[in-house]
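Data first, discussion second: the structure below is written as structure tokens.
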Ligand code: G6P
């Protein structure tokens, strides 16, 4: 949520910042801005725009910032104050000597604002962030680093900051407390950014700033201090991420590209994690003896990752016979969960920066539970705060609607469940063999579905006029129904509900008439006939049915208006395959409605505030 980029070097900062900012646009895109210290007179020039970065880029063509090799920039997802130009970052202090960009929330901003107002500081915006600029100005005694350090000590909340000053054309200051911020080390130039892909074309030498650290950067070097002002050492990581992984590579949208990457992501995962009939979970950090002692599991996650967790619950309980409780992170953290040293908490998160999931993990660890995370972003806060981490290595996911991260999370949950089932001696070797054989067939099954792209696009377009969708599934495909509905509402803005089909008669059936479309996930399974009964009840009420069914099922054609076939695979694994047509349906409906697929309204990829 919100993207920050900063530059100090020997080149003109404007194009560098603008380019990097575009790569962070997925974090928020309701307004943006860029501020640069002029090389000539050290005055800070500032430009802002409402809406997307393209608007800022267009504005800069007529109102260039002039040459300056030190600057900060920001793309915003509004929390405090509407997405207007005045609320856009960067923010000045009253003297226009200090300029800041901020990602996160300042919880005690009102208190500080009241205090500073009394001292005569004039506030222009409705944001919590503006207090930081004025506070730095209030505390400044000639040393910028010290003023930022003192300010940070007074701020409550979670945040990442970039600060520049016209008094110090040779300094870029960055601070992190709870929101992600990385430092890129270049030759005679250094960068800050909210994540690595933003600056990947400039440097691969990355320092992950830790919570409570403040960096002072010049053109020549970087020094990092803790909150008390003591210099700390840091490690420079060489990242190997490919630049093309953050480009569309000929696809119309990142979301489509990421849907297409799924077979590759899954086959890479299974090839590296399945060795014969052994499951190799490097990073888990729990020995077999530790796994044996686990008495229950709690899964915490948000959004799509939560749906992956729901599938995980079915699979772990089935294969390892351990009770699994699952909560959305924001609920878990505010109730009084019953967990102790024998509870294993599994946190699932693509970004590893979701504020609620991080808070849930901290809560769990404080209660003595062991925490492992299933995470996509290497070095993320979640990964660092977990006892063990199972990286999905799905590559950067840029489309706001999560696709490949979801199937990768499912893949990892299956592997973990099999491993746990084996350790707990709940699985016969023949069953392990069947599941492993089934998993290895999944990438190809997903590829087969992708070949149906044209057909799925046609079905999606033909149904894109419906004003309401229901998604129904049973058992292990109930979470698939939830995920299908979430995908659709995220990018098409059509109200969509996911339900366990057995719940139909307890309410949702009241919605059904000829103006509703119902997507039924009905692969061959133990609940197939029950699903067919539900489908008939919908038809009797004139609802339009799109069925996701197993290849070779001719019966379903009599019941559904449209059928999309998925390859038959090991029953328990169907969610990982059945979700692919659901992703494509959502995608093509969004395209048909002319929406911005990759950057849907009001959403942000990474929700780093509560
Ligand atoms: C946001 C994204 C979703 C994502 C959720 C959790 O809502 O739009 O796609 O599922 O956050 O994110 P995480 O990074 O924790 O998986």
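Laboratory data are not the source of any read-out in this text; all were calculated from the coordinates shown. Computed from a prediction, not measured in an experiment: that's the story for all the values here. Methodologically, a virtual Cβ is constructed for each residue, glycine included, from the backbone with ideal geometry; neighbour enumeration extends over all protein chains shown.
Computed quantities for the displayed model
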read-out	value
Binned Cα-Cα distance frequencies in the stretch 15-155 - 10 Å width, integer %	12, 42, 35, 11, 0
Protection proxy ranking, peptides 510-520, 423-433, average beta carbon neighbours within 10 Å, highest first	510-520, 423-433
Equivalent ellipsoid, the stretch 480-527 (semi-axes from 5 times Cα gyration tensor eigenvalues, Å)	18, 15, 9
Equivalent ellipsoid semi-axes, the chain, via Cα gyration tensor eigenvalues times 5, rooted, Å	45, 27, 21
Relative contact order for the stretch 251-450, counting Cα pairs under 8 Å that sit 6 or more residues apart, in percent	30 percent
Which of 550, 240 has the fewest Cβ neighbours within 10 Å, and the rest in rising order	240, 550
Nearest-ten-degree value, helix 130-139 long axis tilted from longest Cα axis of the chain	30 degrees
Cα long-axis angle, helix 574-592 against the chain (0 to 90 degrees, to the nearest 10)	60 degrees
Cα shape, the stretch 3-245, gyration tensor, a/c 1.5 rule	rounded
Prolate/oblate/rounded label for the stretch 429-494 (Cα gyration tensor, a/c 1.5)	oblate
Quarter of Cα convex hull surface for the stretch 317-374, i.e. mean projection, nm²	4.1 nm²
Relative contact order of the stretch 3-245, pairs being alpha-carbon contacts under 8 Å that are 6 or more residues apart, as %	19 percent
Exposure proxy order (Cβ contacts within 10 Å, fewest to most) of 27, 524, 273	524, 273, 27
Order by protection proxy (mean Cβ within 10 Å, highest first), peptides 408-417, 387-396, 308-317	408-417, 308-317, 387-396
Ordering of 342-355, 159-172 by packing [mean C-beta count within 10 Å, highest first]	342-355, 159-172
Sorted by Cβ density within 10 Å, fewest first, the residues 329, 533	533, 329
Relative contact order computed over the chain (Cα-Cα under 8 Å; 6+ residues apart), in percent	12 percent
Global geometry of the stretch 251-450, whether rounded, prolate or oblate, following the gyration tensor of its Cα atoms and the 1.5 cut on a/c	oblate
Nearest-ten-degree value, helix 355-366 long axis tilted from longest Cα axis of the chain	80 degrees
Antiparallel %, DSSP beta bridges [both residues in the chain], to 5	60 percent
